[in-house]
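S.K.: Structure below; questions to follow.
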Amino acid sequence: MKILVVYYSRTNVTKKIAEEIANELNCDIEEIKPKVNYDGKLGYIRGGKDAMSAKIIELEECKFNPADYEIVYLGVPVWAGKSANPMISYIKENENSFNEVKFFVTAGSAGFDGAFKQLEKFVGKAPLKTLALTTKEVKRDKYREKLDIFLE
Ligand SMILES: Cc1cc2nc3c(=O)[nH]c(=O)nc-3n(C[C@H](O)[C@H](O)[C@H](O)COP(=O)(O)O)c2cc1C
């Protein structure tokens, strides 16, 4: 089965899970790289604002076409109770290109449901499965069981 992992990660938390999934499934992996700078304190504030308005931004060119894959895993951090907008921008850029999808989301503590709902709305279909992990769970490697269920 052809599988693609696509993720956005500002501070490498979601990236850790994305890389683990791609390693386990031995599949292609794509990092979403925004042309907007979300680094540092100013970037944090900009990110919160842009997420709230689901702002569509420009992205660096991607390597893979999601339409070529049976399942695309989309991974993103929660920003202001929503999906970080670089992922929303990626989905918009690839409208109607997704076959089956699975969502994995990381957050400090809350906002998973808001992010999942928004991802589902923009993709236009319900995910096969979802995975919600806190930053702590990821950093302390406390996600094995949940990740195994997600990958089944
Ligand atoms: C702009 C911004 C807004 C955030 N909003 C939330 C939030 O609403 N709820 C929450 O629990 N964590 C929030 N966080 C924390 C991140 O979701 C969390 O640290 C995540 O694991 C970071 O993943 P990353 O390293 O892949 O970027 C926010 C972080 C940023 C930068």
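The values are calculated or read from the model by the stated rules, or taken from the named source; none is laboratory data. Bear in mind that the values here come from a model prediction, so they are computed numbers and not experimental data. Cβ placement follows ideal geometry from the backbone for every residue including glycine, while neighbour counts extend to all protein chains displayed.
S.K.: Output the residues belonging to segment 11-53 that are within 7 Å of the ligand (Cβ to nearest atom), crowded, with 18+ Cβ neighbours inside 10 Å and of a type outside the set (Ser, Thr, Tyr).
M.R.: Listed by number, the residues that qualify are 13, 15, 47, 51.
S.K.: Right, here's the next one. Given the criteria of a type in the set (A, V, I, L, M), touching a residue at least 40 places away in the same chain (Cβ under 8 Å) and assigned to a loop (DSSP other than H, G, I, E, B), does residue 74 qualify?
M.R.: The answer is no for residue 74.
S.K.: Further, regarding this structure: Of the residues 138, 101, which is among the β-branched types (Val, Ile, Thr), away from the ligand (no atom under 16 Å from the Cβ) and either in a helix (DSSP H, G or I) or within 20 Å of residue 17 (Cα to Cα) (or both)?
M.R.: Working: 138 fails: away from the ligand (no atom under 16 Å from the Cβ).
101 is the lone residue from the list that is among the β-branched types (Val, Ile, Thr), away from the ligand (no atom under 16 Å from the Cβ) and either in a helix (DSSP H, G or I) or within 20 Å of residue 17 (Cα to Cα) (or both).
S.K.: Given the criterion buried (at least 21 other Cβ atoms within 10 Å of the Cβ), out of contact with any Cys (no Cβ under 7 Å at 6 or more places or on another chain) and farther than 17 Å from residue 5 by Cα, identify the matching residue among 101, 105, 72, 78.
M.R.: One residue alone meets the criteria, 78.
S.K.: Please pick out the residue among 110, 67, 51, 80 that is at pLDDT 95 or above and more than 18 Å from residue 14 (Cβ to Cβ).
M.R.: 67
S.K.: Right, here's the next one. Only one of (1) hydrophobic (A, V, I, L, M, F, W, C); (2) surrounded by fewer than 21 Cβ atoms within 10 Å (Cβ to Cβ); (3) more than 8 Å from the ligand (Cβ to nearest atom) fails for residue 110. Which number is that?
M.R.: (3)
S.K.: Where the second residue is assigned to a loop (DSSP other than H, G, I, E, B) and within 14 Å of the ligand (Cβ to nearest atom) and the first is on the phi > 0 side of the Ramachandran plot and lies in segment 119-148, which pairs have Cβ atoms under 7 Å and are six or more apart or on separate chains?
M.R.: From segment 119-148, no pairs qualify.
S.K.: Please enumerate the residues belonging to segment 72-90 that are in contact with a Ser or Thr (Cβ under 9 Å, 6 or more places away or on another chain), among the β-branched types (Val, Ile, Thr) and more than 8 Å from the ligand (Cβ to nearest atom).
M.R.: 72
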